[in-house]
1. With each label point set 7 Å from Cα along the Cα-Cβ vector, what nm distance links residue A:202 and residue B:333?
2. For region B:27-146, what is the convex hull volume of the alpha-carbon atoms per residue, in Å³?
3. What FRET efficiency comes out for the pair residue A:222/residue A:185, r = Cβ-Cβ distance, R0 = 41 Å, nearest 0.05?
4. Need the full-extension length gain, residue A:321 to residue A:278, defined as separation in residues times 0.36 nm minus the C-alpha distance. One decimal, nm.
5. Distance between Cα centroids, region B:122-136 to region A:241-291: provide it in whole Å.
6. Give me a single rounded figure for B:136-144: the average over its residues of other chain Cβ atoms within 10 Å of their Cβ.
7. Provide Rg and Dmax in Å for the protein assembly as shown, with only Cα atoms included in the calculation.
8. Most exposed first by the Cβ proxy, i.e. fewest other Cβ within 10 Å, how do A:217, A:278 rank?
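Bear in mind these aren't lab numbers, they're just calculated from the coordinates by the rules spelled out. Model, not experiment: these values are computed from the prediction. Cβ sites come from the backbone with ideal geometry, for glycine too, and all protein chains shown count toward neighbours.
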């Protein structure tokens, strides 16, 4: 099968989906910019014109609200926030409006909107160009949250997000953009709410999100050489969580570590931890461990960044400690 | 005190209209009259029901502002969209929303237009272009812009109307919406109902410049300020703006000067709270949009006195029937069900 990069897979998805569905359009800051969204929007403007590839004034709340309105009217917009941090300005439209709309009006009107947020961290960009806030959106009833980690998954999940009749927060990470992988040429979808086992194992379940999946896989490989057999799960969807997959794995291994790129307190790892202990506590033979960002904003200096962002090394230390305790 | 001296007509050449009742079809005049009466009677009844604690949800009443909702919606098709605010009863009814379903919603019943999950502030009539009202001030202005964007992309001739109050013009979302709508020449009409108060604050306490219609000119949007209690002026001005938008000429901003009789929320008049003066409320109640219109219709022979009494009684009965329908409706069951939250 031919290989595409993560960014190319996104680009192809937009080309194919906008070609097939006239009601799909892309709107947001930097959609025609050479740097804002990587190489994900190459040739879209040329092919579909500025009525469907809409670069915008810097007005995150107003523009996201317009995307919500267009979704209410039956379009399937994708509104992009090239740095997830900017989504805060649109929280009213995403949460008070888009997330609530279906429930608030008696399940009569849905909002088939995709809100695409890019985790833009690193490169000494500091605290406002780096945040990974999947936990904030996962907390809100009415939103779905997906985090694809491979070229195959990003195409399949972007398709599903666009075709979903609900507001989906589609989160990727610019560190994924260069990763290569097999991507089928046709349009296909990956169901929202389904994770996947990346590597089977019997000693410990290691759940990871987005870029941390690659760190987890690397950690698992090295731990394998130390005789620890790690099962790596790529969550793919944060909300709704694939509970069955998680329970099945932890019943088998008895140990759970979660690697997530958000902050520690009230993060995705905390939710998974609670879920496991509520439902299959008797299968645990070790406390659950979280590998996350520390509870501080992101720094600028590279030296600080190196210590701030968790890597496969942090995961390996955490896993070794868990296995040792037993 | 806010009275007539504050009302200055500022027509924009693109929106200039002929203020003659003769130019409006009679059927339209009668339709608007009945709709205004329906809103007035419904709101009065709801005020009583709130006083009797039969309705619990917060009701922000539209009494006194009827000419704005009715005058604007009278030129809209079913497929045009209207977005409104916490004070949505008038817009909901004027767009064609069902009175019984609205009343049942206020009573928190499963037969309500939002199945008991929205209350007064979140009415919906999606089949007739009223997809939902929001209580976040200025929250629906971008939504209307987005609907207009969808019409532009699909090359439809429909328009979106955004109703909001004077208070909403303090919100950033207002400016973001105007700029984008003007930039892309979107078919959205911005209707600012300036009733001189934002919750408890008089306009002079919160606005550095109280000529709200002037804010459209900043974005090259044709803007005007009109007497929001003159149904003919509202109708004609809105009609011109709507037709202009349908023809691809872009948005318009119409500031309608009006007054809400009741306080910000509930049946009282906010006089007891020291927020408004009795004399001021009295002046505006005498400047009643329905009374003025009625006098004109009778004078022009478009309705007779007999018809007036007959219509009034019919509408009174409609409102009573709506209350009966509401009270008879079952309460919804609480369900922590995924299918209520996600489609």
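1. Result for the modelled spin labels: 4.7 nm.
2. Roughly 96 Å³ of hull volume per residue.
3. With a Förster radius of 41 Å, E is 0.75.
4. 13.2 nm
5. 41
6. Per residue, the average neighbour count from other chains is 6.
7. Cα radius of gyration and Dmax of the protein assembly as shown are 28.2, 97 Å respectively.
8. A:278, A:217
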